[in-house]
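The values are calculated or read from the model by the stated rules, or taken from the named source; none is laboratory data. Treat the numbers as computed from the prediction; the structure is a model and nothing was measured. Here the Cβ is made from the backbone with ideal geometry for all residues, glycine too, and neighbour counts use every protein chain on show. Calculation scope for accessible area: heavy atoms of the full protein, side chains included, ligands and nucleic acids excluded. Shrake-Rupley method; radii C 1.70, N 1.55, O 1.52, S 1.80 Å.
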Amino acid sequence: MQRPIPLTRDVVFIGGGHAHALVLRRWGMKPLAGVRLTVIDPNPTAPYSGMLPGYIAGHYRQADLEIDLVKLCRFAGARLVVARVVGIDRDARRVQVEGRPDIFYDIASIDIGITSDLPSLPGFAEHAVGAKPLGDYTRRWRGFLDDVAAGRVAPEIAVIGGGVAGVELVLAMHHALKTRGAQPQVTVIEARRALPDLGDKTRRALLRRLEKAGIGLIEGVGVVEVCADRVLLSDGAEVASAFTLGVAGARPQEWLRDTGLDLHEGFVKVGPTLHTLTDTRIFAAGDIAHLTHAPRPKAGVYAVREAPFLYDNILAALTGGKPRKYRPQKDYLKLISLGGREALADKFTMRGEGAGLWRLKDRIDRKFMRKFHELPEMKAPALPPAVADGVREMVEGHPPLCGGCGAKVAAGPLRESLAGLKVLERDDIKPLPGDDAAAVKCGDGFQVISTDHLRAFTADHWQMARIAANHALGDIWAMGARPQSALASITLPEMRPTMQRATLDEIMAAATEVFSAAGAAIIGGHTMLGAELVIGFTVTGLCKRPITLAGARAGDALVLTGPIGSGVVLAAEMRGQADGRDVVSAWREMGRDKGPAAALLTQAHAMTDVTGFGLAGHLMGMLGASKLAARLDLAMIPLMQGAEALAAAGVRSSLYQGNRASLALDLPESPRSDLLYDPQTAGGLLAAVDGRQAGGVVEKLRAEGYSAAIIGWLEEGAPSIRLAD
Ligand SMILES: Cc1cc2nc3c(=O)[nH]c(=O)nc-3n(C[C@H](O)[C@H](O)[C@H](O)COP(=O)(O)OP(=O)(O)OC[C@H]3O[C@@H](n4cnc5c(N)ncnc54)[C@H](O)[C@@H]3O)c2cc1C
């Protein structure tokens with residue numbers, strides 16, 4: 001029997017910049033066994049800024065210039081931690097992450113690009129936006145275009161920073177407004193000389209373009225304050241601006257100063273092998289790296305060219321090999337877009353401009369992004385030539401086994417197996433067959449107890465543990481009980497002891513945070529090594545009288561406190577088919593604390609949490625126990641971001657068929673109705689609430705930030721679900 005390869009080394013990528021993105025792609029095609037690769041980036045996508053001007057001008061869609069880090073990490077077999085790094089403790093070999101426990105490394109690499117210090121300019125944070133991170137800029141830009149189109153603001157723009165990037169973006173914004181019929185008034189403000197890094201001829205050509213477009217250029221004057229409708233200059237002048245963009249003040253992040261790494265003006269000094277000069281366990285690449293052996297301007301082309309050296313040298317560091325030396329090119333072809341589909345080229349003394357050059361730039365940029373938008377297919381390992389009957393059908397006829405509650409055993413086989421069980425009856429145990437938790441008499445009330453464990457769908461242990469803890473608490477909340485205690489049950493893939501410790505640190509930090517917030521104490525557990533990561537908790541709670549499945553009444557409203565769809569989103573993510581933003585949004589929703597929601601539902605007549613059996617399965621559990629029928633309004637059911645589109649595209653969790661088969665409901669097929677069978681992980685609470693109070697309860701739930709809704713009504717009749725017209 002093939003033993004899974006144990007993990008023996010932790011490699012941590014700080015930032016999902018250009019160099020790391022290319023190394024991840026290479027790693028996906030040629031990984032080194034035994035390595036746990038972690039990527040930490042505050043965003044689920046990383047921008048390819050070469051296409052940013054084209055996007056702003058309206059030539060590209062946002063997705064064209066975004067590298068989906070969730071997909072790329074899945075492809076590389078790496079784990080993505082969506083968070084910001086704020087420090088490195090090199091003695092302890094721990095990367096410090098905002099709002100989470102440290103992450104241990106054997107080898108780390110920094111590719112975080114550069115940031116801008118304009119946020120320290122008075123009024124900048126309130127009234128302006130930086131060109132990076134991309135998300136903020138593009139969101140604000142789309143809002144501005146709508147405001148101009150609606151006549152809410154004047155098409156007045158000020159750009160702080162007259163470098164190549166600033167001029168490219170100002171031409172792009174001017175073009176976008178022009179093509180929408182606006183008369184833009186645009187000004188570039190440069191504290192020193194504009195376009196300092198370009199040859200004279202190219203510089204003059206670009207200045208002519210600005211002039212021809214009627215774009216103002218102010219040089220040698222700084223900005224002292226940004227206001228909502230103008231910017232104030234150091235010479236006392238003012239520039240009208242309803243949209244102020246910062247493309248200057250490029251600088252490295254402050255936290256690097258506390259790492260003890262040798263820096264050059266804040267940039268990390270590296271040698272030819274891209275190792276930092278101070279620490280052979282740490283590499284740096286891209287804009288944040290200062291190439292001590294051959295200093296170069298900050299441009300993506302260098303990050304791209306460093307990638308193969310970074311890949312090889314990290315492998316060498318992990319295998320005792322010899323690192324390779326990177327010698328950067330002296331100059332590079334700058335293709336500067338000019339707003340419309342024209343570009344200007346500049347390299348050494350060569351230059352030219354026109355539509356042909358824009359097409360060249362477009363080809364180069366699209367070719368680069370195809371590397372990430374068309375990742376090679378991840379082929380499942382082939383089956384051995386001889387297998388038992390049924391194996392091929394199960395492997396080739398069914399989607400791969402999902403994680404989370406998608407890996408639950410379906411209700412059918414579970415029910416059949418439990419049906420025959422002769423459980424001892426005890427006076428101090430309240431029989432609640434099929435309910436979310438068992439209830440044991442305790443004083444003048446009850447202790448409810450439930451256990452849940454989840455097959456991991458992300459190796460971000462902290463995130464997975466948060467979701468698993470919330471998932472386990474769901475049963476306690478559903479009984480209307482106050483959480484009391486928790487026991488952990490953890491299986492780790494085989495790894496060396498230092499990594500076991502680091503992994504448990506991440507898991508238990510998250511679990512402690514979630515259970516403490518719920519008022520429960522972690523009182524013990526069991527941890528072992530196994531084939532894969534599984535995290536579970538057995539939880540107890542206290543209540544005077546448990547809210548069971550059997551208390552619902554005809555006329556009650558069905559209140560759902562959270563969206564469904566995690567099954568298809570997680571299934572699609574496993575197959576590299578989900579949009580990274582939808583996945584991260586689903587993780588956040590599954591990690592949401594349901595305590596405040598439960599506190600607003602103490603008057604519920606019946607309640608459950610929506611998990612593995614899907615909304616239909618858990619509702620049928622309530623209808624069966626309460627002997628009622630339900631009328632559901634599909635349109636009212638809140639869905640997770642991207643879930644309906646994935647369902648429409650035919651994505652199904654591996655538990656979908658089992659859920660559908662075990663219910664035999666006669667519901668019309670549609671993406672929305674199919675999601676009723678979608679297994680949920682750490683799903684919302686489903687409560688039967690007095691119809692007269694339901695509206696008020698939903699209002700309060702929404703005020704707490706839950707996407708809650710009345711999704712249907714209970715009525716007399718045999719347990720069944722029908723859809724409202
Ligand atoms: C408008 C514009 C146009 C450009 N055009 C070109 C061009 O045509 N050709 C060219 O060569 N260059 C161009 N550049 C320059 C190019 O964008 C940069 O040189 C390039 O992006 C640098 O890549 P990088 O890998 O260093 O970092 P980036 O691409 O900036 O990526 C850094 C990543 O790190 C993440 N990150 C940041 N801080 C942290 C943190 N604390 N913790 C964790 N993650 C973090 C970010 O979220 C981001 O994903 C352009 C720049 C701009 C602004």
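Where residues in the range 647-665 are surrounded by fewer than 16 Cβ atoms within 10 Å (Cβ to Cβ) and touching a residue at least 60 places away in the same chain (Cβ under 8 Å), which of them is farthest from Leu615 (Cα to Cα)?
Once the filter is applied, the top-ranked residue is Ala649.
Can you pull out the residues in the range 111-124 that are away from the ligand (no atom under 16 Å from the Cβ) and open to solvent by 20 Å² or more (accessible area, probe 1.4 Å)?
Taking the range 111-124 as the starting set, the residues that turn out to be away from the ligand (no atom under 16 Å from the Cβ) are 120-124.
Correct list: Ser120, Leu121, Pro122.
How many residues, within the range 144-166, are within 16 Å of the ligand (Cβ to nearest atom) and in a helix (DSSP H, G or I)?
3
Here is a list: Gly246, Gly220, Gly260, Gly236. Which entry is in contact (Cβ under 8 Å) with a residue 60 or more places away in the chain and open to solvent by 30 Å² or more (accessible area, probe 1.4 Å)?
Result: Gly260 is the single residue among Gly246, Gly220, Gly260, Gly236 that is in contact (Cβ under 8 Å) with a residue 60 or more places away in the chain and open to solvent by 30 Å² or more (accessible area, probe 1.4 Å).
Give the residues of the range 167-202 that are within 14 Å of the ligand (Cβ to nearest atom) and open to solvent by 80 Å² or more (accessible area, probe 1.4 Å), sorted by residue number.
Matches in the range 167-202: Asp197 only.
Does Val268 meet the test of being in a strand (DSSP E or B), away from the ligand (no atom under 16 Å from the Cβ) and surrounded by 20 or more Cβ atoms within 10 Å (Cβ to Cβ)?
Values: in a strand (DSSP E or B): yes; away from the ligand (no atom under 16 Å from the Cβ): no; surrounded by 20 or more Cβ atoms within 10 Å (Cβ to Cβ): yes.
Taking the combined requirement at face value, the residue does not satisfy it.
Conditions (1) at pLDDT 95 or above; (2) away from the ligand (no atom under 13 Å from the Cβ); (3) within 24 Å of Lys334 (Cβ to Cβ), marked per residue:
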residue	(1), (2), (3)
His20	yes, no, yes
Gly34	yes, yes, no
Thr38	yes, no, no
Arg74	yes, yes, no
Leu80	yes, no, no
Asp89	yes, yes, no
Arg93	yes, yes, no
Arg100	yes, no, no
Ser109	yes, no, no
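Take Glu66 and tell me if it is within 12 Å of the ligand (Cβ to nearest atom), of a type outside the set (S, T, N, Q) and open to solvent by 40 Å² or more (accessible area, probe 1.4 Å).
In short, no.
Enumerate the pairs (first residue in the range 309-331 and without any contact (Cβ under 8 Å) to a residue 60 or more places away in the chain; second residue anywhere and hydrophobic (A, V, I, L, M, F, W, C) and open to solvent by 50 Å² or more (accessible area, probe 1.4 Å)) with beta-carbon separation below 6 Å, excluding pairs fewer than 6 apart on the same chain, so at least 6 apart or on different chains.
Cβ pairs passing all conditions: Asp331/Phe348.
Being in contact with an Asp or Glu (Cβ under 8 Å, 6 or more places away or on another chain), open to solvent by less than 50 Å² (accessible area, probe 1.4 Å) and within 14 Å of the ligand (Cβ to nearest atom): is that true of Tyr48 here?
Spelling it out, Tyr48 is indeed in contact with an Asp or Glu (Cβ under 8 Å, 6 or more places away or on another chain), open to solvent by less than 50 Å² (accessible area, probe 1.4 Å) and within 14 Å of the ligand (Cβ to nearest atom).
Is there any pair with a first residue in the range 289-308 that is within 19 Å of Trp27 (Cβ to Cβ) and a second that is part of a helix (DSSP H, G or I) and within 12 Å of the ligand (Cβ to nearest atom) whose Cβ atoms are under 6 Å apart and which are 6 or more apart or on different chains, and what are they?
Sorted first by the residue in the range 289-308, then by its partner, the pairs are Ala303/His18; Ala303/Ala19; Ala303/Gly286; Val304/His18; Glu306/Ala19; Ala307/Ala19; Ala307/Leu22; Ala307/Val23.
Can you tell me which residue is most open to solvent (accessible area, probe 1.4 Å) among those in the range 303-338 that are at pLDDT 95 or above and among the hydroxyl-bearing types (Ser, Thr, Tyr)?
Once the filter is applied, the top-ranked residue is Thr319.
Which residues, counting only those in the range 33-62, are charged (D, E, K, R) and over 18 Å from Thr115 (Cβ atoms)? It would help to see each step written out before you state the result.
The first filter runs over the range 33-62 and keeps only residues charged (D, E, K, R), leaving 36, 41, 61.
Residues satisfying the conditions are Arg36, Arg61.
Check off (1) open to solvent by 40 Å² or more (accessible area, probe 1.4 Å); (2) within 16 Å of the ligand (Cβ to nearest atom) for His127 and give me the number that stays unchecked.
(2)
Does Ile56 satisfy the criteria of being more than 7 Å from the ligand (Cβ to nearest atom), under 21 Å from Gly340 (Cα atoms) and crowded, with 23+ Cβ neighbours inside 10 Å?
Criteria met by Ile56.
Which pairs have Cβ atoms under 6 Å, sit 6 or more apart or on different chains, and link a residue in the range 596-611 that is among the hydroxyl-bearing types (Ser, Thr, Tyr) to one that is in a loop (DSSP other than H, G, I, E, B)?
Thr602/Gly480; Thr608/Asp436; Thr611/Gln680; Thr611/Gly683
From the list Thr538, Thr527, which residue is assigned to a strand (DSSP E or B), open to solvent by less than 50 Å² (accessible area, probe 1.4 Å) and hydroxyl-bearing (Ser, Thr, Tyr)?
Only one candidate passes the filter, namely Thr538.
The rows are residues; the columns are (1) in contact (Cβ under 8 Å) with a residue 40 or more places away in the chain; (2) outside the structural domain of Val35 (by TED's automatic domain parsing); (3) touching a strand residue (DSSP E or B) at 6+ places or on another chain (Cβ under 6 Å).
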position: Ala468; (1), (2), (3): yes, yes, yes
position: Ala472; (1), (2), (3): yes, yes, yes
position: Gly480; (1), (2), (3): yes, yes, yes
position: Ser485; (1), (2), (3): yes, yes, yes
position: Thr491; (1), (2), (3): yes, yes, yes
position: Pro497; (1), (2), (3): no, yes, no
position: Met508; (1), (2), (3): yes, yes, no
position: Ser516; (1), (2), (3): no, yes, no
position: Ile522; (1), (2), (3): no, yes, yes
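If you scan the range 273-298, which residues turn out to be more than 13 Å from the ligand (Cβ to nearest atom) and basic (Lys, Arg)? First the steps, then the outcome.
Residues of the range 273-298 more than 13 Å from the ligand (Cβ to nearest atom): 273, 275-282, 292-295.
Of everything in the range 273-298, just one residue is more than 13 Å from the ligand (Cβ to nearest atom) and basic (Lys, Arg), namely Arg281.
Would you mind finding the one in Arg142, Arg152 that is open to solvent by 20 Å² or more (accessible area, probe 1.4 Å), within 28 Å of Leu344 (Cα to Cα) and not aromatic (Phe, Trp, Tyr)?
One residue alone meets the criteria, Arg142.
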